[in-house]
Amino acid sequence: MMKRPPPGGLFLEGRSSWVYRLCMADSGPSLPVESRTKLSWFLSGAALTGSIPALILMTAHVGFAGFASENGLPMIQAAFMVAAIWALPANIVLIGAIAGDYSIVAAAIAVGLSSIRLMPMVAAFVPEIRGPNTRRISLLLLSHFIAITAWVIGMERLKNVPAEMRVVFFAGIGITLTTANTLVVALVYLLSASFPPLVFACLFFLTPMYFLASLWGSARDRSIHVAMVSGLILFPAIHAVAPAYDLLLTGAIGGLVTMAYVRWSKGRAAT
Amino acid sequence: MTWHSLTTWWWPYLFILLAGWLPTDIWRFLGVLIGGRVSEDSEALVAVRAVATALVAGVIAQLVLYPSGALAESALSLRLAAAAAGFCGYLYLGRRVIVGVLIGEAILVAGLLL
């Protein structure tokens, strides 16, 4: 008899399914679905600002505020940057461009290259968040709040939210998370908080460590695990050859490897 | 025109908008337009999701292998060992993200202090 593989993929096979269900149970909203208003869903999304991934993102912004002030950026401009761009790698690239006295066009190109990854991320996110009556303009406005953390949280949680409530739920996550981190940056400036290098090293390490675990956990089929492993392996190899396009090529080639795997596993299942 | 070209108060904000916000959000808007055209269970969506996941994995690799700021001074082998141990801890100790993060951080701190 064929058993459906558990959605956790590779390493979950062989574990009893109740363990899996138990793990999933605390990630979903607990109130009955029909009785909840839009405001209530918005607030559930906003409440995720207190979740571990959101707290990790805030510590990353503490690190960013330190980096920005080291480079002589005033508080208001650093906070404005976080709210207007809302992508930490792009912020860091822009500060590098400012420090290197790049022209505005060269700075825009450098930032644009670091932000291309948002296009496939948002494209993959749209089917997750779209409800039956979602207007394109709400998606365009909300897309500003999609960056890695909100993307990973959304991919994990949106499937447990009724389709017509997903937009408000994500608005709750995105708007609150962006506002909170803008305030965190301002606060670090106001307190002129400085930490020993060891603390900054730990703060900078939190983000990749968190993404590593949560990206694996957010996958619902094995193709995501294949894509993730190929991205991890391809990046250093491509970086050595073409450092200017390392992320882009990692995405493109990692995608091809994954599609080859999907085709191969389908072909194997058919025979 | 660089950051230091003009000394008016609004120039830095315009610079951030033109060189930061515009080249970032334009990709998000394009993503919405593309995502609106792929249907839920098409192969195209699997492909888009695969590219997005590989990119995020690339960002993770970048943050571990070529970090900026204070982390850049630590040894590469230490960062790799901490990340690998944290990820294994996540996989084999009940799949809790916080467990993986704490193990990775603990090894990093231990390595930096020793």
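The values are calculated or read from the model by the stated rules, or taken from the named source; none is laboratory data. These numbers come from a predicted model, not from an experiment. Positions of Cβ are backbone-derived with ideal geometry, glycine not excepted, and every protein chain shown enters the neighbour counts. We work out accessible area using only protein heavy atoms, side chains counted, and drop any ligands, DNA or RNA first. Shrake-Rupley method; radii C 1.70, N 1.55, O 1.52, S 1.80 Å.
At-a-glance table
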read-out: Residue satisfying all of: in segment A:139-166; open to solvent by less than 30 Å² (accessible area, probe 1.4 Å), more than 9 Å from chain B (Cβ to nearest Cβ) and without any contact (Cβ under 8 Å) to a residue 40 or more places away in the chain; farthest from A:Arg36 (Cα to Cα) among these; value: A:Ala150
read-out: Filter result (among the β-branched types (Val, Ile, Thr) and touching a Ser or Thr at 6+ places or on another chain (Cβ under 9 Å)) within segment A:103-128; value: A:Ile104, A:Val111, A:Val122, A:Val126
read-out: Counted residues, segment A:118-138 - those being open to solvent by 40 Å² or more (accessible area, probe 1.4 Å) and facing another protein chain (nearest Cβ under 9 Å); value: 3
read-out: Members of segment B:1-25 that are part of a loop (DSSP other than H, G, I, E, B) and open to solvent by 50 Å² or more (accessible area, probe 1.4 Å); value: B:Met1, B:His4, B:Ser5, B:Leu6, B:Thr7, B:Thr8, B:Trp9, B:Trp10
read-out: Single residue of segment A:108-117 satisfying the filter (at the interface with chain B (Cβ under 7 Å from one of its Cβ atoms) and small (Gly, Ala, Ser)) that is nearest to B:Glu40 (Cα to Cα); value: A:Ser115
read-out: Failed condition for A:Phe195, given (1) assigned to a helix (DSSP H, G or I); (2) within 13 Å of chain B (Cβ to nearest Cβ); (3) under 15 Å from A:Ala65 (Cα atoms); value: (1)
read-out: Pair list, Cβ < 7 Å and 6+ apart or interchain, from segment A:222-245 residues that are touching a residue at least 60 places away in the same chain (Cβ under 8 Å) to residues that are open to solvent by less than 20 Å² (accessible area, probe 1.4 Å) and assigned to a helix (DSSP H, G or I); value: A:Ile224/B:Thr53; A:His225/A:Trp216
read-out: Filter result for B:Leu30 (under 14 Å from A:Ala123 (Cα atoms) and modelled with pLDDT of 95 or more); value: yes
read-out: From the options A:Ser35, A:Ser103, residue that is outside the structural domain of A:Asn160 (by TED's automatic domain parsing) and of a type in the set (S, T, N, Q); value: A:Ser35
read-out: Residue, nearest to the other protein chains (Cβ to nearest Cβ), within segment A:87-107, restricted to residues that are within 26 Å of A:Ser138 (Cα to Cα) and open to solvent by 10 Å² or more (accessible area, probe 1.4 Å); value: A:Pro89
read-out: Flag for B:Leu45 being facing chain A (nearest Cβ under 7 Å) and in a helix (DSSP H, G or I); value: yes
read-out: Failed condition for A:Val257, given (1) at pLDDT 85 or above; (2) more than 24 Å from the chain's Cα centre (by Cα); value: (2)
read-out: Residues of segment A:213-251 satisfying the condition of being more than 9 Å from chain B (Cβ to nearest Cβ) and among the β-branched types (Val, Ile, Thr); value: A:Val241
read-out: Residue, most open to solvent (accessible area, probe 1.4 Å), within segment B:68-91, restricted to residues that are at pLDDT 85 or above and not in a helix (DSSP H, G or I); value: B:Ala75
read-out: Residue under evaluation A:Ala54, criteria (1) in contact (Cβ under 8 Å) with a residue 40 or more places away in the chain; (2) within 11 Å of chain B (Cβ to nearest Cβ); (3) closer than 21 Å to A:Phe170 by Cα; (4) of a type in the set (Gly, Ala, Ser), criterion not met; value: (2)
